[in-house]
1. For segment 278-310, how many residues meet the condition of being open to solvent by 90 Å² or more (accessible area, probe 1.4 Å) and either touching a Lys or Arg at 6+ places or on another chain (Cβ under 6 Å) or closer than 14 Å to Cys340 by Cα (or both)?
2. Can you tell which of Ser51, Ser41 is farther than 30 Å from Ala79 by Cβ and out of contact with any Cys (no Cβ under 9 Å at 6 or more places or on another chain)?
3. Restricting the search to segment 333-378, which residues are of a type in the set (D, E, K, R), open to solvent by 60 Å² or more (accessible area, probe 1.4 Å) and in contact (Cβ under 8 Å) with a residue 40 or more places away in the chain?
4. Does segment 142-159 hold any residues that are open to solvent by 10 Å² or more (accessible area, probe 1.4 Å) and not hydrophobic (A, V, I, L, M, F, W, C), and which are they?
5. Mind checking which residues of segment 144-168 are within 13 Å of Ala191 (Cα to Cα) and either basic (Lys, Arg) or not in a loop (DSSP other than H, G, I, E, B) (or both)?
6. Just checking, how many residues over segment 232-254 are β-branched (Val, Ile, Thr) and more than 13 Å from Val132 (Cα to Cα)?
7. So which residues in segment 219-242 are in contact with a helix residue (DSSP H, G or I) (Cβ under 9 Å, 6 or more places away or on another chain) and not acidic (Asp, Glu)?
8. Of all residues being in contact (Cβ under 8 Å) with a residue 12 or more places away in the chain and open to solvent by 50 Å² or more (accessible area, probe 1.4 Å) in segment 16-33, which is nearest to the chain's Cα centre (by Cα)? Just the residue, please.
Amino acid sequence: MLNVEDWAEIRRLHRAEGVPIKEIVRRLGVARNTVRAALRSDEPPKYQRASRGSVADAYEPQVRALLVQWPRMPGPVIAQRIGWPYSEGPLKKLLARIRPEYVGIDPADRVVYQPGEIAQCDLWFPETPVPVEARQARILPVLVVTLAFSRFLSATMIPSRQAGDILSGMWLLIAALGRVPKTLVWDRESAIGGTGRVSVPAAAFAGTLATRIRLAPPRDPEFKGMVERNNGFFETSFLPGRSFASPVDFNNQLGDWLATRANTRTVRAIQGRPVDLLETDRQAMTPLPPVAPAVGLTQRIRLARDYYVRVDTCDYSVDPRVIGRFVEVTASPTRVLVLCEGAPVAEHERSWAKHAVITDPAHVATAHQMRLALAEQRRAQQQAQQTGARRHSDGHSVALRALPDYDALFGVDFTPTGTADPTAAPATEASTP
């Protein structure tokens, strides 16, 4: 087969220098027909191997018959139905070629984002475990928010993927921006919209911020592909070669990397740096609300005898003097606060570990004093029962009055005057004139 260099030389010699075909044949040592074919061809020669077909070609009619009724039938099921005897590779190539004829193709248009319109949100789970206590390390979620217009990145590690913690992280990042994007795009994260509808806590959060939460269609990661690609950027650019001492250390390193690397690089799609376009993005957003939204984990329970409340698998002690009363528990990513009738009865630093027990020594001392007081009270009651004396709860004895005092108070007299014979006749009847 004639190569590209000979094809180009033949055309140059004949057209530019006027060398006849016979002389070209002599100089290059090629056949006369080869020279003529090169002069007739306006495109360089290409090597094309003749197709030998595939073992799947014989099964194509059966596969097409199945796809007519069930366009999305999985490949393993199709292989079972048609009795496929070979490896799955040829069948997968056949399905990739012909399945779009039956299920259709859903093209994705290029979207032009306006300033302040959209922020894409997602949870990223870094594969590096982060120490949360002396002998425990966890893989914790990182909330990532990407502004669609400026490509500005912000992120923070949160203790769990519960709604209260996710909303706390969102409020932290939005408050740091100083403005509110008009639309927050989420996938169907269970705490945000796992049922296909925005959850009640997320809807309340969006209402307070005067924004809306838009859920991506199911199984469509390209709907928020911008933040998905940034998650991969974290994996390849931020995470390698780093170690972390705690979640606080992780957030400090992440914040420094975002400020010095991620948001200062030139993004080809916008032909600029996110940090330079951020102010334009912010000016088109909505101002922050006058009142902060309700975020964090909350619950209202009656305090049990062990005077502990549970927040995300961890137990926190509460003042035992409110045992049996209702308490309101609020947990942010950093603090756990317990109120009883509006008064604080416990405050702890939030633990990100699993199944930890956090105890305030003052609560233990109070419980010890209450047990001693109860034991003393019971001992006094037992002594009073043994001596016959009765005492009030404060310790002084109960005065006992004589029963005749109550007879005199009500004007009755139960004292007998003598023994009467019921068979004797009345005195008036026994006497005769």
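1. Residues flagged as open to solvent by 90 Å² or more (accessible area, probe 1.4 Å) and either touching a Lys or Arg at 6+ places or on another chain (Cβ under 6 Å) or closer than 14 Å to Cys340 by Cα (or both) within segment 278-310 amount to 3.
2. Values: Ser51 fails: farther than 30 Å from Ala79 by Cβ.
None of the other options fit; the residue is Ser41.
3. Restricting attention to segment 333-378, the residues satisfying the condition of being of a type in the set (D, E, K, R) are 335, 341, 347, 349-350, 354, 360, 371, 376, 378.
Next, from what is left, pick out any that are open to solvent by 60 Å² or more (accessible area, probe 1.4 Å): 335, 341, 347, 349, 354, 371, 376, 378.
Scanning segment 333-378 gives a single hit, Lys354.
4. Result: Arg151, Ser154, Thr156.
5. If we filter segment 144-168 for residues that are within 13 Å of Ala191 (Cα to Cα), which is where we start, we get 160-168.
Scanning segment 144-168 gives Arg161, Ala163, Gly164, Asp165, Ile166, Leu167, Ser168.
6. Initial filter on segment 232-254 (β-branched (Val, Ile, Thr)): 236, 248.
Next cut, more than 13 Å from Val132 (Cα to Cα) only: 236.
Counting residues in segment 232-254 that are β-branched (Val, Ile, Thr) and more than 13 Å from Val132 (Cα to Cα) gives 1.
7. Filtering segment 219-242 for residues in contact with a helix residue (DSSP H, G or I) (Cβ under 9 Å, 6 or more places away or on another chain) gives 221-222, 228, 230, 233-234, 237-238, 242.
Result: Pro221, Asn230, Phe233, Phe234, Ser237, Phe238, Arg242.
8. First, pick out the residues of segment 16-33 that are in contact (Cβ under 8 Å) with a residue 12 or more places away in the chain: 21, 24, 27-28, 30.
If we keep only those that are open to solvent by 50 Å² or more (accessible area, probe 1.4 Å) too, we end up with 27-28.
On the way: Arg27: 75, Leu28: 71 Å.
Checking each candidate, the answer is Leu28.
The values are calculated or read from the model by the stated rules, or taken from the named source; none is laboratory data. It should be emphasised that the depicted structure is a prediction, and the values quoted were computed from it without experimental measurement. Positions of Cβ are backbone-derived with ideal geometry, glycine not excepted, and every protein chain shown enters the neighbour counts. Just so you know, the surface numbers come from the protein's heavy atoms only, side chains and all, with ligands and any DNA or RNA stripped out. Shrake-Rupley method; radii C 1.70, N 1.55, O 1.52, S 1.80 Å.
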